[in-house]
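Asker: So that we are looking at the same thing, I have put the structure below in structure tokens.
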Amino acid sequence: ELEKTTNHDVKAIEYYLREVLAGEDDRTLAFIHFACTSEDINNLSYALMLHEVRDKVLLPEIDTVLYKLETMASQYKDLAMLARTHGQTASPTTLGKEMAVFAHRLRKQRQELIRVNLEGKMSGAVGNYNAHLAAYPQLDWIEITRAFIENRLGLKQNLLTTQIENHDSMIALTDVQRRYNTIAIGLCRDIWSYISIDYFKQEVKAGEIGSSTMPHKVNPIDFENAEGNFGVANSLANHFADKLLISRWQRDLSDSTVQRVLGTFFAHTVLASQALSKGLDKISPRPDVIQADVEGAWEVLGEAIQTAMRRFGVLDAYERLKAATRGQRVQREDLLRVIDACAELPIERKNELKALIPSQYVGDAKRLVKIYLERRDHAHR
């Protein structure tokens, strides 16, 4: 009601508090909003809200996703899977290792999110403590406001500002969340693609419909919903980064309008995270399909054979395997002929290469998962 007259939100609150504290003497009432500009109130409020949304909302959602990915990484670290680079068959990996890659990347962003020190200021109309010193010139207002901001509110003082707190730490936080969201979009798309080639089966719920016309369909809608909401959130985060780091001279009001959409950014992020978590709960791998796919891709052993040949000084090793495999449907016998024809290879090494099958050619994938999980556990201690 007061703001209908003032057309100024913080001033309306000041007048409201005078009404609430009616009966106090004038000296007490005069200290409401003492030496403050509106941004001294607003910037601290936003910083406290960001602190709370990070600790109570974002981190629990992130931890839920990480737990599920890391469980899959551990459970399927031995499940050999055909990799695809440029969408084509490539050196095998394991399903667990690929889940560990996303867990590793998302966990790094979680750590960056925690490291952001949210900043605040309480230094008056242009950031110089002009009014403070006019009233009490003998006081160390820099130290007084630092103690309030850091000791009472748990934020970090930003000492050099204009009328507004510069929003740098705010954007540091939303930028980290944007990076997390972008990595999560990549995860959604990869899982969606694996579902499309039957690597994962989806839980079928009674009464649920995938398509209004095609009865057989079980659509990966959770990953699609997650991708869409992460994308909407990131479009806002990009605008925050473009807008909130800039203020005309010592202050313009455009940041106020934009900051009011911070809640929308976090809301879409949370919706996306919840959809991703739900989707991960509903999928399980099809080992038979995955194994059949990798075991049928003999061409991926061309890398192993030509690299082993190089060790023994075969200069045209790559070209020999290229002639035998590139753009062709490769069978085991094709590779055996190349191995047998290589006079430079010792007989023991030939026999080892002949015995190699695609599902065994996964390098140190299992160990990489183990190292990641051990480092995670060490960091938690």
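The values are calculated or read from the model by the stated rules, or taken from the named source; none is laboratory data. None of the values given here were measured: they were computed from a predicted structure. Cβ sites come from the backbone with ideal geometry, for glycine too, and all protein chains shown count toward neighbours. With ligands, DNA and RNA removed, areas are computed over all heavy atoms of the protein, side chains included. Shrake-Rupley method; radii C 1.70, N 1.55, O 1.52, S 1.80 Å.
Asker: At 1.4 Å probe size, with no ligands or nucleic acids counted, give the accessible surface of Ile246 in Å², nearest ten.
Answerer: 110 Å²
Asker: Further question on the same structure: Roll a 1.4 angstrom probe over the protein heavy atoms and tell me the percent of accessible area of segment 164-207 that is carbon or sulfur.
Answerer: Working: 910 of 1800 Å².
Carbon and sulfur atoms account for 51 percent of the accessible area of segment 164-207.
Asker: Also: Given a 1.4 angstrom probe, what's the average accessible area per residue across the chain, in square angstrom? Walk me through the numbers on the way to the answer.
Answerer: Details: 20940 Å² over 381 residues.
Here the per-residue accessible area is 55 Å².
Asker: Considering only lysines 8 or more places apart in sequence, or on different chains, count the pairs in segment 1-156 whose C-alpha atoms sit under 18 Å apart.
Answerer: Working: Lys68/Lys77; Lys68/Lys97; Lys68/Lys108; Lys77/Lys97; Lys97/Lys108; Lys121/Lys156.
Within segment 1-156, the lysine pair count is 6.
Asker: For segment 344-353, in order, what is each residue's ³J(HN,Hα) by Karplus, 6.51 cos²θ - 1.76 cosθ + 1.60 with θ = phi - 60°, in whole Hz (x at glycine and Pro)?
Answerer: 6, 6, x, 4, 4, 5, 4, 5, 5, 5
Asker: Accessible area of Lys366, 1.4 Å probe, to the nearest 10 Å²?
Answerer: The value for Lys366 is about 110 Å².
Asker: Can you run phi through the Karplus equation (6.51, -1.76, 1.60; θ = phi - 60°) for segment 255-262 and list ³J(HN,Hα) in whole Hz, with x for Gly and Pro?
Answerer: Per-residue couplings from phi come out as 5, 4, 4, 5, 4, 5, 9, 4 Hz.
Asker: Let me ask you something else. Note down the accessible area of Ser284, probe 1.4 Å, to the nearest 10 Å².
Answerer: Ignoring ligands and nucleic acids, Ser284 comes out at about 40 Å².
Asker: Then there is this: Please state the charge dipole magnitude for the chain, taken about the Cα centre, from unit charges on C-beta atoms (+1 on K and R, -1 on D and E), reported in debye and rounded to the nearest 20.
Answerer: Details: 49 positive and 52 negative charges, 276 e Å.
My answer is approximately 1320 debye.
Asker: Going by the alpha-carbon gyration tensor, a ≥ b ≥ c the square roots of its eigenvalues, is the chain rounded (a/c under 1.5) or, if a/c is not under 1.5, prolate (a/b greater than b/c) versus oblate? Could the numbers behind the result be given before it?
Answerer: Values: a/c = 3.54, a/b = 2.45, b/c = 1.45.
Taking the square roots of the gyration eigenvalues as a ≥ b ≥ c, the chain is prolate.
Asker: What are the ³J(HN,Hα) values, in whole Hz, obtained from phi via the Karplus relation 6.51 cos²θ - 1.76 cosθ + 1.60 with θ = phi - 60°, for each residue of segment 368-381 in sequence order, with x given for Gly and Pro?
Answerer: Coupling constants for segment 368-381: 4, 5, 4, 4, 4, 5, 5, 5, 4, 5, 5, 5, 6, 6 Hz.
Asker: Additional query: Ignoring ligands, DNA and RNA, please state the percent of accessible area on segment 79-133 from carbon and sulfur, probe 1.4 Å.
Answerer: Numbers: 1160 of 2360 Å².
That fraction is 49 percent.
Asker: Quick check: with the 1.4 Å probe, what order do Arg337, Arg375 take by accessible area, largest first? Can you show the working numbers first?
Answerer: Numbers: Arg337 145, Arg375 170 Å².
From most accessible down to least: Arg375, Arg337.
Asker: Hey, if we sort Phe148, Phe230 by accessible area with the 1.4 Å probe, largest down, what's the order? Don't skip to the end; give the middle numbers.
Answerer: Working: Phe148 65, Phe230 0 Å².
Sorted by accessible area, descending: Phe148, Phe230.
Asker: By accessible area of protein heavy atoms, probe 1.4 Å, what ranking do Asp340, Asp252 get, highest first? List each step's numbers first, then the result.
Answerer: Working: Asp340 85, Asp252 25 Å².
The most accessible residue leads, giving Asp340, Asp252.
Asker: As a test of the formula, what do you get for the chain when each DSSP H run with n ≥ 4 contributes -39,500 (n - 2.57) and the sum is divided by the residue count, at 222 nm and rounded to the nearest 500 deg cm²/dmol? Intermediate values should be presented prior to the final figure.
Answerer: Working: 18 runs with 230 residues, N = 381.
Taken over the chain, the calculation gives -19000 deg cm²/dmol.
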